Every structure is written in C-alpha cells, then in structure tokens.
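Here's the structure we're looking at; comments come further down.
The values are calculated or read from the model by the stated rules, or taken from the named source; none is laboratory data. A quick note: this is a predicted structure, and the numbers were derived from the prediction, not measured. Virtual Cβ from ideal backbone geometry, glycine too; neighbours counted across all protein chains shown. Accessible surface is based on the protein model in full, side chains and every heavy atom, while ligands, DNA and RNA are left aside. Shrake-Rupley method; radii C 1.70, N 1.55, O 1.52, S 1.80 Å.
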Amino acid sequence: MFVVLFAALSAFSFISAGSDRPLFCAKLIWSLAVSFFGFLIYRSGAISKYRSILFILIAFFFFLGFNLFRFFSFADATPPYCHIAQVPTLLNFIYSQYLALTSGDWRIWGPLTLGFAWLLIIFTIGQGICSWVCFYGGIDEAFSKVAKKQLIRLNRPGPWRDFPIAFLIFLLIVSFLQGLPFFCNWFCPFKLTEAFWSNYPVIRIVQAVLFWTVLTVFLIAFPILTKKRTFCSLICPFGAFVSLCGKVSPYRVIINKEKCIACGRCQNVCPMLAIEDKNSKEYKISHFCNRCGKCIDVCPGGAINILTGRAGQAIDTRDIFIFLSLLLTGVISGTFVPRILLQLIGMR
C-alpha cells in the first residue's frame with residue numbers, strides 16, 4: 001500500500017508541478033510524508049492516531065498560507081482554496097453555472113466546476129473528508145487535544161446536533177438573496193486578515209465580534225473544555241452538507257450488535273457527537289460520522305469497522321477506505337503544502 005500510494009502521489013506531483021523543479025521536489029517530499037503516515041497506520045492497525053497527526057499538520061500549513069503569510073512580503077501569498085465558502089453559496093454557484101451555460105461563456109463555466117470535484121470526493125469517502133482532508137477540521141481537532149481530560153462532559157448528541165443543517169439552509173437562502181458569501185462575511189472564524197470586513201465602522205465592529213466569538217468559543221474554548229470538535233459539530237455548514245450528501249458514499253462505520261458489549265467507549269471518544277444510544281444499551285452511528293477511526297481504535301470487542309453495504313451483508317473495506325482517504329489527502333494538501341514549504345525555506 002505504501003509503495004502504491006507513493007507512486008500515485010508522485011505521478012500527481014509530476015503532472016501538477018510541470019517544469020517547476022523546486023516545486024516538484026517539494027511535492028515529492030510531501031508525497032513521501034503522506035505515504036509514510038499511511039505506512040504507520042497500516043503497520044500499527046490504529047487509524048486515528050497517525051491520521052490525527054497528519055490532519056493537524058495539514059491544518060497548520062493551511063493556517064500559514066491562509067492567514068500568517070498574508071502579513072509578510074511573500075511574492076506568492078495566495079491563500080488556499082476554501083471549500084467551506086462554497087457550500088453556503090451553492091445556490092449562487094448553480095445559478096452562475098446556469099448563466100454561463102445559457103450565455104455560452106465557457107470561460108466562466110470552467111473555474112466554477114471546482115465544485116464538482118468536491119462532490120466527487122463526497123461520493124467516494126463521504127463524510128470522511130471532514131476528518132482526513134478538511135484544513136479547518138484539523139485546527140478544531142488540534143485544540144480538542146489540549147486538555148488531558150474533559151472539563152465539560154459533552155458526549156451524547158442532543159436535538160441541537162441538527163442545528164448545522166438548519167444553519168446551512170439559512171445560509172443558502174440568505175447568500176442567494178444577497179448574492180454574497182454570507183458565512184464568509186459574518187461567521188467564518190478564519191477571517192483574521194480582514195479581507196471580508198466592511199469599511200463601515202458599525203458593521204465592521206459587528207463582524208469583528210462575530211468572527212472572534214466563533215473563533216474563541218467554538219474553535220478554541222469548547223474544544224479544549226469538551227475534547228470535542230465543536231466548530232465542526234455545531235457550526236460548520238460544509239459538515240452539514242456532507243452529512244447529507246455523504247449518505248451516497250459506499251463506506252459506512254457500522255457497529256456489530258452481536259459483538260458490542262455496550263461499554264460506551266465509542267460514544268465517549270467520538271469527537272463529532274455522532275454516536276447515538278438507547279438507554280446506554282444499544283449504540284448507533286449517525287450520519288454525522290466523519291470516519292475518523294477513534295471509535296474503531298478504542299472498541300475492546302472489535303465491534304466497529306468501516307464496511308460497504310449493510311450490517312450482516314457487509315464487506316470489510318477499511319483498507320480501501322484508508323487508501324482512498326490518504327490518496328485524496330495527499331492530492332488536495334499537495335496543492336498548497338509544498339508551496340508553503342518552499343516559502344518557509346525562502347525559495348518562493
């Protein structure tokens with residue numbers, strides 16, 4: 001698996017780098033790093049530990065490219081592509097595609113079809129994108145590891161767990177009516193560069209309050225206190241979107257009822273509040289599951305696995321899912337991490 005993964009990522013690096021030799025070398029080094037994490041996952045049999053390290057590392061590089069580098073005089077300080085921004089403006093995206101199609105202006109059509117790439121990802125690893133690829137989720141996960149134990153107990157999903165879906169619907173409608181990225185303008189906790197801030201003082205103050213509130217409460221404080229990914233679980237519109245669309249993914253995390261001893265460890269460690277229970281006797285994985293692997297790693301009876309199909313008629317496809325997840329992680333992170341590495345050593 002290690003060799004095949006590295007070969008596939010190396011081929012992508014060669015194609016995407018073109019004639020830029022320093023960039024190709026940086027991409028090759030990063031491909032080797034991703035493949036090495038894959039080797040560690042397969043050798044240890046533990047999914048979450050090494051996935052989490054890679055996940056957080058990618059988020060760190062993304063934060064450098066998205067925020068910090070824009071404060072310095074780098075020649076190429078273009079922030080990485082933001083997938084979270086696209087989901088709340090999905091209706092705007094579809095309308096733009098319609099206008100491009102009817103006008104015959106294919107120059108508009110081409111760049112906007114990036115959205116279909118994300119749909120392809122959702123149809124493969126499904127909600128796994130939020131625990132393997134998403135740059136924002138890695139930051140959320142990093143803060144959830146700060147405390148050694150839960151200071152505020154938050155394990156069971158409540159009715160508020162569906163709030164992100166209602167929030168997504170609200171964002172879709174308002175963004176379409178305004179013709180603006182409403183989430184980016186008012187709620188995104190990563191707009192520290194003031195790129196989306198208004199020139200009007202009152203509006204600017206309100207934006208600052210909202211940005212910093214979401215950042216400090218849901219991305220820093222709550223993850224530290226609860227050891228849960230609260231921004232991903234309770235706010236993120238992209239997470240709500242993939243929780244719905246990801247149902248078409250062939251891969252499922254399934255609990256074998258015959259092997260389950262109802263110890264509750266899976267629910268305690270789930271960072272996404274995605275494990276429901278009935279009187280603490282029967283546990284079920286909800287559609288909010290991000291395929292992070294924590295529940296699989298801690299289950300003492302081996303009752304949880306990544307399968308294709310339904311329980312009882314399912315095929316063990318965990319290795320295939322991990323390979324696809326690492327491949328997509330390497331490809332997507334390979335579009336910005338190597339460039340940031342070159343910037344750090346002064347070659348860009």
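Tell me yes or no: at least one residue of region 212-222 is open to solvent by less than 10 Å² (accessible area, probe 1.4 Å) and at pLDDT 85 or above.
Step one: filter region 212-222 for residues open to solvent by less than 10 Å² (accessible area, probe 1.4 Å), giving 219.
Within this subset, residues satisfying the condition of being at pLDDT 85 or above are 219.
Yes, region 212-222 contains a residue that is open to solvent by less than 10 Å² (accessible area, probe 1.4 Å) and at pLDDT 85 or above.
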Inset, instruction - Evaluate region 43-56: report whether one residue or more is within 15 Å of LEU327 (Cα to Cα) and open to solvent by 60 Å² or more (accessible area, probe 1.4 Å). - result: no
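Go through region 239-265 and report how many residues are part of a loop (DSSP other than H, G, I, E, B) and either of a type in the set (D, E, K, R) or open to solvent by 40 Å² or more (accessible area, probe 1.4 Å) (or both). Give the steps one after another, and end with the answer.
Applying the first criterion (part of a loop (DSSP other than H, G, I, E, B)) to region 239-265 yields 249-250, 256-264.
Restricting the remaining residues to those that are either of a type in the set (D, E, K, R) or open to solvent by 40 Å² or more (accessible area, probe 1.4 Å) (or both) gives 250, 256-261, 263.
Counting residues in region 239-265 that are part of a loop (DSSP other than H, G, I, E, B) and either of a type in the set (D, E, K, R) or open to solvent by 40 Å² or more (accessible area, probe 1.4 Å) (or both) gives 8.
Which one is least open to solvent (accessible area, probe 1.4 Å), of the residues in region 156-187 that are of a type in the set (D, E, K, R) and assigned to a helix (DSSP H, G or I)? Explain how you work it out, then say what you get.
Initial filter on region 156-187 (of a type in the set (D, E, K, R)): 156, 161-162.
Then drop every residue that is not assigned to a helix (DSSP H, G or I), which leaves 161-162.
Numbers: ARG161: 10, ASP162: 79 Å².
So the residue we want is ARG161.
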Inset, instruction - Taking the options LYS148, LYS191, name whichever one is open to solvent by 30 Å² or more (accessible area, probe 1.4 Å) and not in a helix (DSSP H, G or I). - result: LYS148
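Report yes if some residue within region 260-273 is over 29 Å from VAL146 (Cα atoms), out of contact with any strand residue (DSSP E or B) (no Cβ under 7 Å at 6 or more places or on another chain) and among the polar types (S, T, N, Q); otherwise report no.
Start the filter on region 260-273 by keeping residues that are over 29 Å from VAL146 (Cα atoms), which leaves 260-261.
Okay, now just the ones that are also out of contact with any strand residue (DSSP E or B) (no Cβ under 7 Å at 6 or more places or on another chain), so 261.
Then keep just the ones that are among the polar types (S, T, N, Q); that gives none.
No - not one qualifying residue is present in region 260-273.
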Legend entry - Residues within region 12-36 that are open to solvent by 50 Å² or more (accessible area, probe 1.4 Å) and aliphatic (A, V, I, L, M), tallied: 4
Legend entry - Within region 253-282, considering residues that are of a type in the set (D, E, K, R) and over 27 Å from the mean Cα position of the chain (by Cα), the one modelled with the highest pLDDT: LYS259
Inset, instruction - Kindly list the number of the only condition in (1) modelled with pLDDT under 90; (2) closer than 24 Å to ILE56 by Cβ that fails for GLN313. - result: (2)
Legend entry - Identity of the residue in region 15-37, touching a Gly at 6+ places or on another chain (Cβ under 9 Å) and of a type in the set (Phe, Trp, Tyr), that ends up nearest to ILE47 (Cα to Cα): TRP30
Legend entry - Unmet requirement for TRP106, which otherwise passes all of (1) modelled with pLDDT of 80 or more; (2) surrounded by fewer than 16 Cβ atoms within 10 Å (Cβ to Cβ); (3) more than 30 Å from THR308 (Cβ to Cβ): (1)
Inset, instruction - Give me the pairs, please: first residue somewhere in region 320-341 and more than 12 Å from PHE37 (Cα to Cα), second residue anywhere and outside any loop (DSSP other than H, G, I, E, B) and of a type in the set (Lys, Arg), beta-carbon distance under 7 Å, and either six or more positions apart or on two chains. - result: GLY334/LYS27; PRO338/LYS27
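Does region 281-296 contain any residue that is touching a residue at least 24 places away in the same chain (Cβ under 8 Å), acidic (Asp, Glu), part of a strand (DSSP E or B) and not assigned by TED's automatic domain parsing to the domain that holds ILE121?
yes
This table checks each residue for (1) in contact (Cβ under 8 Å) with a residue 60 or more places away in the chain; (2) hydroxyl-bearing (Ser, Thr, Tyr).
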residue: PHE12; (1), (2): yes, no
residue: PRO22; (1), (2): yes, no
residue: CYS25; (1), (2): no, no
residue: ALA33; (1), (2): no, no
residue: GLY38; (1), (2): yes, no
residue: TYR42; (1), (2): yes, yes
residue: ALA46; (1), (2): yes, no
residue: LYS49; (1), (2): yes, no
